[in-house]
Amino acid sequence: MEPDLEKLEKAAAIISSSGRLVAFTGAGVSEESGIPTFRDPGGLWDRFDPYELGGGDVFAALARGSGFTHRAADFLEEMIEVMERAEPNPGHRALVELERMGILRSVITQNIDDLHGRAGNSRVIEVHGNAYRMLCLYCGRRFMMEKEELFRLGRDVVRMLRKEDLAGVIARISLCECGGPCRLDVVGFGEPVQRMGEAIHEARTCDCLLILGTSGEVFPANTIPSRAREAGARVIEINATKCCFPGLVDVGIVGKTGAVLPRIVEMVSRYRGSGVSPL
Ligand code: APR
């Protein structure tokens, strides 16, 4: 379905007159990079139990027994395959262009796939962590892992889970210099989110919030849009199926971010080039 041209132009006009734009993104932005979303039909939480696999406590999970270790292996294997192939898509690159134009100040993301950083945005606030960063459970040290090294580790753990070799898993994840076992530095259900203070500050001091590809189902990340609105910001939403923040937005566009955002950025570039303030 072709998005409404008038809405694209209105969004472009608002963005081109913004000087402190902040983007707030969810899994929908990475869908066109091949990473499944969580709540769309056929999404991850349709096929895996989020409360079983979306938690963070590795040891409690492993202690659940053999049924879990095989489901965990399936989940981990799928995530490795999609993440290994994933590259930034035109939606990610459009946000980099907005930063280059001096309009976008930061990206607040719920995504853990590192695609905003790899696309080139310089200020990315990852409130649900980053799948390429490890956290030592003994000393608390955090460190990034190279993609290839992380996927090798992941495939070794999948193999051990399938053999229910839990001792082998613990030994394999004991990567820290202190000898401690490590976990992905991502936020599981019921765990505290990361950098939320920074995210709230960005929402409350921006003049426009661009909501991209999120169902708005998960607290406290889903409070970001209302905090921006309360502080007087304009709010624009792009979502492939429906507007998830109907009471909040100035413009709600139904469309894929990888298709819609580059068109809006091209209009902004024309507005900026003409020197005419469209608002
Ligand atoms: N372009 C724009 N929107 C899209 C696209 C796309 N190409 N594809 C899907 N969408 C929309 C869907 O319509 C849906 O509203 O993106 C949204 C994705 O919603 P979810 O799957 O719920 O993902 P998200 O909102 O990021 O979930 C938040 O929940 O499970 C936790 O930690 C997980 O960070 C995640 C959080």
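Points worth noting:
- Among the conditions (1) of a type in the set (Asp, Glu); (2) at pLDDT 95 or above; (3) within 13 Å of the ligand (Cβ to nearest atom), the only one that Asp49 does not satisfy is (2).
- Some residue of region 61-74 being under 25 Å from Arg183 (Cβ atoms) and basic (Lys, Arg): yes
- Residues satisfying the stated conditions in region 100-124, i.e. within 13 Å of the ligand (Cβ to nearest atom) and surrounded by fewer than 21 Cβ atoms within 10 Å (Cβ to Cβ): none
- Leading residue by the ranking (surrounded by the fewest Cβ atoms within 10 Å (Cβ to Cβ)) among those in region 224-243 that are within 13 Å of the ligand (Cβ to nearest atom) and either assigned to a helix (DSSP H, G or I) or hydrophobic (A, V, I, L, M, F, W, C) (or both): Cys243
- Selected residue (only one of Glu217, Glu164 is touching a Phe, Trp or Tyr at 6+ places or on another chain (Cβ under 9 Å), in contact (Cβ under 8 Å) with a residue 12 or more places away in the chain and either loosely packed, with under 14 Cβ neighbours inside 10 Å or on the phi > 0 side of the Ramachandran plot (or both)): Glu217
- Annotation: of all residues in region 54-71 being under 19 Å from the mean Cα position of the chain (by Cα) and buried (at least 17 other Cβ atoms within 10 Å of the Cβ), the one that is modelled with the highest pLDDT is Gly54.
- Residues located in region 1-53, provided they are assigned to a loop (DSSP other than H, G, I, E, B), of a type in the set (Gly, Ala, Ser) and over 19 Å from the mean Cα position of the chain (by Cα): Ser17, Ser18, Gly19
- Lone unmet requirement of (1) among the β-branched types (Val, Ile, Thr); (2) under 14 Å from Phe24 (Cα atoms); (3) within 16 Å of the ligand (Cβ to nearest atom) for Val187: (2)
- Count - residues of region 202-214 that are assigned to a loop (DSSP other than H, G, I, E, B) and either surrounded by fewer than 17 Cβ atoms within 10 Å (Cβ to Cβ) or more than 16 Å from the ligand (Cβ to nearest atom) (or both): 2
The values are calculated or read from the model by the stated rules, or taken from the named source; none is laboratory data. Owing to the predicted nature of the structure, the values given are computational and were not obtained by experimental measurement. Because the Cβ atoms are built from the backbone with ideal geometry, glycine has one as well, and the counts that use them run over all protein chains shown.
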